[in-house]
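The structure under discussion appears below in the form of structure tokens.
The values are calculated or read from the model by the stated rules, or taken from the named source; none is laboratory data. Keep in mind that what you see is a predicted model, and the values were worked out from it rather than measured. No Cβ is skipped: glycine too gets one built from the backbone with ideal geometry, and neighbour counts run over all protein chains shown. Just so you know, the surface numbers come from the protein's heavy atoms only, side chains and all, with ligands and any DNA or RNA stripped out. Shrake-Rupley method; radii C 1.70, N 1.55, O 1.52, S 1.80 Å.
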Amino acid sequence: MALIVQKFGGSSVKDAEHIRNVARIITDTYRANNDVVVVLSAQGDTTDELIEKAHEINESPSRREMDMLLSTGEQASVALCAMAIEKLGCPVISLNAWQAGISTDSNYSNASIKTINDERLRAELDRRNIVIVTGFQGINRRYDITTLGRGGSDTSAVALAARIRADLCQIYTDVDGVYTGDPRIIPEARKLDEITFDEMLELASAGAQVLHNRSVEIAKRFGIQLEVLSSLDPKPGTIVKEVAKKLESTAISGVARDENVACIAITHLEDKPGVAYRIFSLLAQRKINVDIILQSIGRDNTKDITFTVAKGYADEAIEELMEHKDELNFADISCDTNVAKISIVGSGMINHPGIASQLFEALYNVGINIRMISTSEIKVSVLIDAKDSDMAIRAVHHKFFGERAGA
Ligand code: ADP
Ligand code: ASP
Ligand code: MG
């Protein structure tokens, strides 16, 4: 007997037929003599629809009320799935985040899980119940509902798997594994049998939404091996683990695109020590994550600082900086949301010089201008115009995987 956590994303539970399919996967696992904990996302596009509804009423609602609203999607799916499992004759119970003891900080709409009190969950498993838990949501110290950020149900699943020391954590989705690039945009993308936690973490952080980046962080920290697989096509998926077998010695494992990017430029700042520190500490206090940062060389005692944040945080970032305009002493601040980030990721990069130049060449060959560049040991990212991003991601993927050239 094994203890298995299975997570199903929105597309896997989008309607009654899909819920029945998921219920069959779960009950087959249960009937094979396993303990099963299930984590579900909201059905289909429910979360997007709820966001739209909110904006019909208020264009900038508080994050607390948004969490209260968005968490309802997951609550509906767990109850519906429990009903489908009841019909298949297995004992089942659905729990929300409060009942499942998932405590988070109070960073509404992007909360982090602090602790999980698994007493109730354990008791239900001891009664041989299948336990279905709402993904995406938690409870803060004041018992307010929080959410973990878009795509956060993966993180709920991995955190639960770590807490109850599950033998296996399966992430069921609408593709049959992790590919070298988003298979919906890059038809020639190849499925990976295995990928390391580090590479997956970089890919997820670079915008490959197949796994929520914090879920990979937790899986790495607690050594939880993940399997990403399809809920509609029963075949082995991709294993995400510490060390991955590689069939070929490729320098990069994948390419990713992030369209959820806003580029903020602050111009004519005074060129003196402490300016960058002040700007980014103000943003950190508001819990705004900054990604790529570019500072121009000082000229005439002034400099410009440009940086990127997730689109949903751009207004807040500008508001915070404008509140300190006199102190920061800048001429202008602007925001461009028509940008996208393209990244290549791979641990083999360290041993393959010239990878970045191949990326730049691929973009040059299709006439795409690069606005910002950032690199880490296993990742190179560029910021480009959003309108070029489909062409860019295909060209870059083709450069590294198309004819196995250079990779
Ligand atoms: P779920 O609703 O199951 O959580 P998501 O939409 O969050 O599913 O994630 C699955 C999607 O991730 C796929 O449909 C695919 O378009 C996208 N994706 C992006 N990059 C990759 C990649 N490298 N490999 C596989 N899928 C990817
Ligand atoms: N329903 C949430 C979202 O759409 C969480 C998730 O699907 O993981 O982002
Ligand atoms: Mg997802």
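Quick notes on this one:
- Meets criteria (within 18 Å of THR46 (Cβ to Cβ) and open to solvent by 10 Å² or more (accessible area, probe 1.4 Å)) for SER109: yes
- Of all residues making up segment 27-81, the number that are assigned to a helix (DSSP H, G or I), more than 16 Å from ligand 1 (Cβ to nearest atom), touching a Leu at 6+ places or on another chain (Cβ under 9 Å) and open to solvent by less than 40 Å² (accessible area, probe 1.4 Å): 3
- From the list TYR172, TYR179, the lone residue that is within 11 Å of ligand 1 (Cβ to nearest atom), open to solvent by 30 Å² or more (accessible area, probe 1.4 Å) and of a type in the set (Ser, Thr, Tyr) is TYR179.
- The listed residues are VAL290, VAL216, VAL275, VAL243, and the only one of them that is within 25 Å of the chain's Cα centre (by Cα), more than 16 Å from ligand 3 (Cβ to nearest atom) and closer than 21 Å to SER374 by Cβ turns out to be VAL290.
- Qualifying position, being within 17 Å of the chain's Cα centre (by Cα) and closer than 25 Å to ILE252 by Cα, among ALA189, ALA206, ALA157: ALA206
- Enumeration of residues in segment 4-26 that are away from ligand 3 (no atom under 16 Å from the Cβ) and either among the aromatic types (Phe, Trp, Tyr) or open to solvent by 20 Å² or more (accessible area, probe 1.4 Å) (or both): ASP15, ALA16, GLU17, ARG20, ASN21, ARG24, ILE25
- Residue match in segment 188-195 (condition: away from ligand 3 (no atom under 14 Å from the Cβ) and open to solvent by less than 10 Å² (accessible area, probe 1.4 Å)): yes
- Qualifying residues in segment 133-144 (those that are touching a residue at least 40 places away in the same chain (Cβ under 8 Å) and either more than 13 Å from ligand 2 (Cβ to nearest atom) or not in a strand (DSSP E or B) (or both)) - the one nearest to the chain's Cα centre (by Cα): PHE136
- Among the residues of segment 112-149, those identified as touching a helix residue (DSSP H, G or I) at 6+ places or on another chain (Cβ under 6 Å) and either at pLDDT below 95 or open to solvent by less than 30 Å² (accessible area, probe 1.4 Å) (or both) are ILE116, ASP118, ILE130, VAL131, ILE132, THR134, GLY135, PHE136, GLN137, THR146, THR147, LEU148.
- Taking (1) more than 23 Å from ALA310 (Cβ to Cβ); (2) more than 16 Å from ligand 2 (Cβ to nearest atom); (3) not in a loop (DSSP other than H, G, I, E, B) in turn, GLU202 satisfies each apart from (1).
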